[in-house]
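The values are calculated or read from the model by the stated rules, or taken from the named source; none is laboratory data. Here the structure is a predicted model, which means the values were calculated and not measured. Every residue, glycine as well, gets a Cβ built from its backbone with ideal geometry; the counts of neighbours run over all protein chains shown.
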Amino acid sequence: MNLHLLTDDILLRLLKASDEKAFRVLYERYWKRLFAVACYKLKNREAAEEIVQNIFVSLWEKRADLQIEKLEEYLFTAVKYKVINYVESLLVRQAGQKQLAGAITDASTEDTIIINDLHNAIQQALSCLPPKTREVFTLSRFEKYSVKDIAQHLNLTEKAVEYHITRSLKQMRISLKDFIVINTLAILICL
């Protein structure tokens, strides 16, 4: 049977039954068009390719639970939102880098030392977290992903993401407690 002649609905049913050939046909049918849209919006081939790949990986990983009525609409909507999320996270990162650069430039030598020490303390605290918890924390706090986006990105439940965020925040508070106390005392002594 030539799967290329089948409709999206039939291919989706086959995909739900873990048919790799059906998945490959859907991939071949939509990949170039989805990539073209993402690339046009982002003007970045690498990012566009990653977005489209992630959509198809997610489609395969969640195949058993799919509730899709119109595959084409679903895929193009997914590209739209992934592009928006990518641009938002890029803007947040750029703004954060500019703020940090501005803060470091304007800061006195003592402030610069404190900022560098804080950065090092954060990195050290992060390195103590389990890999999955560290990844969730980074996506949540540095990349500004929502719980839902993190769950989708890492193929976790939202409850699991919330657990990792709570766990990481508790551990970060404990790890950074000494740093905060020492620097608060140093500031009070200097007053």
**Request:** Take the residues in segment 57-67 that are surrounded by fewer than 16 Cβ atoms within 10 Å (Cβ to Cβ) and of a type in the set (A, V, I, L, M, F, W, C), then tell me which one is nearest to the chain's Cα centre (by Cα).
**Result:** Val57
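Residues Lys21, Lys62, Lys70, Lys43: which one is charged (D, E, K, R) and within 17 Å of Asn155 (Cβ to Cβ)? Quick ask: steps written out before the conclusion?
Numbers: Lys21 fails: within 17 Å of Asn155 (Cβ to Cβ); Lys70 fails: within 17 Å of Asn155 (Cβ to Cβ); Lys43 fails: within 17 Å of Asn155 (Cβ to Cβ).
Just a single option satisfies the conditions, and that option is Lys62.
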**Request:** Keeping to segment 1-28, report how many residues are at pLDDT below 90, exposed (fewer than 15 other Cβ atoms within 10 Å of the Cβ) and outside any helix (DSSP H, G or I).
**Result:** 3
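Within segment 157-171, track down each residue that is surrounded by fewer than 18 Cβ atoms within 10 Å (Cβ to Cβ) and of a type in the set (A, V, I, L, M, F, W, C). Write out each step before concluding.
Step one: of segment 157-171, the residues surrounded by fewer than 18 Cβ atoms within 10 Å (Cβ to Cβ) are 157-160, 162-163, 166-167, 169-170.
Matches in segment 157-171: Ala160, Leu169.
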**Looking only at segment 41-80, and only at residues there that are outside any helix (DSSP H, G or I) and on the phi < 0 side of the Ramachandran plot, the one that is modelled with the lowest pLDDT** = Leu66
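In segment 88-95, is there at least one residue being modelled with pLDDT under 90, aliphatic (A, V, I, L, M) and surrounded by 15 or more Cβ atoms within 10 Å (Cβ to Cβ)? Even if it seems obvious, please write down each step before you answer.
Going residue by residue through segment 88-95, those that are modelled with pLDDT under 90 are 88-95.
Narrowing the set further to residues that are aliphatic (A, V, I, L, M) leaves 90-92, 95.
Now narrow it down to the ones that are surrounded by 15 or more Cβ atoms within 10 Å (Cβ to Cβ): none.
No, segment 88-95 contains no residue that is modelled with pLDDT under 90, aliphatic (A, V, I, L, M) and surrounded by 15 or more Cβ atoms within 10 Å (Cβ to Cβ).
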